[in-house]
Amino acid sequence: MTSPSSDPSSAEPQASSGDSSGSGAQRGPAWVRIAAVLVGLVAAGLIAILATQDTDSGSIQAGTPLRGNLVPPLRGELIWPPASFFDVEGGQPLPGVQIGSDEVARFDIDAASPRWVLVNFFASWCVPCEREHPALAAWAARHPYDGAVVAVPFGDRTEDAVAFYERLGGDWPVVDDLENRWAVEFGVLRPPESFLITPEGIVATRFMGQISADDPDAVIALLLGSAAEGRAPAQPDS
């Protein structure tokens, strides 16, 4: 009778101490390390998002390839305010609005400079857009001479977008985007999204979600502060 220890078929295979490739015990820690790295990357991403989130308005300053570049061309026929709002013989009643020889009001973002322009993508079916609307009005009231709002419907019917403004008000231009050209140019994912444009026509930042009136102003203050720091100090009079 042979002893169990001498039966080759019953013996458990023994890993060589010098073999690191075939050992489950050696592979385990590697997977643990990889998992830990992945968890750390996810956590870092969440921290970055939370760090840029406005807890009052719910907006997030999101990355965009447009930042630091010239704003895409944004022009087209207005669907709001009503034609009766414009004094055709009075010239240009709103920043960026031009009255053609056909007496049709059109918006051209190039004609809105030199002002800060807040481009707002909205939809009549979007609840955060409705909640955000008073903030747009407040920001426009703060910047009667150095700012302008222009709104663009996103995934919405023209009549519904007009009804949205008839119900909530607003005296800034609303430009229809029937072919979603501007939504594609700006890379809009879902409303509300807003883009702050500098007086030089450069995209300063992108806000995803409902904004407050203070959100664009915080970016403006930061940019103006940075510009001031870059200027040479004034020399005292001799």
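Between Ile79, Ile60, the distinction of being within 16 Å of Ala213 (Cα to Cα) and in contact with a Ser or Thr (Cβ under 9 Å, 6 or more places away or on another chain) belongs to Ile60 only.
Do we have Arg131 as more than 22 Å from the chain's Cα centre (by Cα) and of a type in the set (Lys, Arg) here? For Arg131, the condition - more than 22 Å from the chain's Cα centre (by Cα) and of a type in the set (Lys, Arg) - is not met.
When the residues of the stretch 148-195 are filtered to those that are surrounded by 22 or more Cβ atoms within 10 Å (Cβ to Cβ) and small (Gly, Ala, Ser), the one that is farthest from Pro216 (Cα to Cα) is Ala161. Selection of the stretch 201-230 for residues being part of a strand (DSSP E or B), over 13 Å from Glu132 (Cβ atoms) and not aliphatic (A, V, I, L, M) yields Thr205, Arg206. Of the listed requirements (1) surrounded by 20 or more Cβ atoms within 10 Å (Cβ to Cβ); (2) touching a residue at least 60 places away in the same chain (Cβ under 8 Å), Glu77 misses just one: (1). Put simply, of Arg142, Arg167 the only residue that is of a type in the set (Lys, Arg) and either touching a residue at least 40 places away in the same chain (Cβ under 8 Å) or on the phi > 0 side of the Ramachandran plot (or both) is Arg142.
Restricted to strands (runs of 3 or more DSSP E) entirely inside the stretch 84-200, those with at least 2 residues that are of a type outside the set (A, V, I, L, M, F, W, C) and at pLDDT 95 or above are 147-153, 193-197. Filtered by the rule that a residue be touching a Pro at 6+ places or on another chain (Cβ under 6 Å) and surrounded by fewer than 20 Cβ atoms within 10 Å (Cβ to Cβ), the stretch 196-216 gives a lone residue, Pro199. Residues in the stretch 147-154: is at least one under 14 Å from Ala213 (Cα atoms) and over 16 Å from the mean Cα position of the chain (by Cα)? Among the residues of the stretch 147-154, at least one is under 14 Å from Ala213 (Cα atoms) and over 16 Å from the mean Cα position of the chain (by Cα), which makes the answer yes.
The values are calculated or read from the model by the stated rules, or taken from the named source; none is laboratory data. All of these numbers come straight from a predicted model, not from anything done at the bench. Virtual Cβ from ideal backbone geometry, glycine too; neighbours counted across all protein chains shown.
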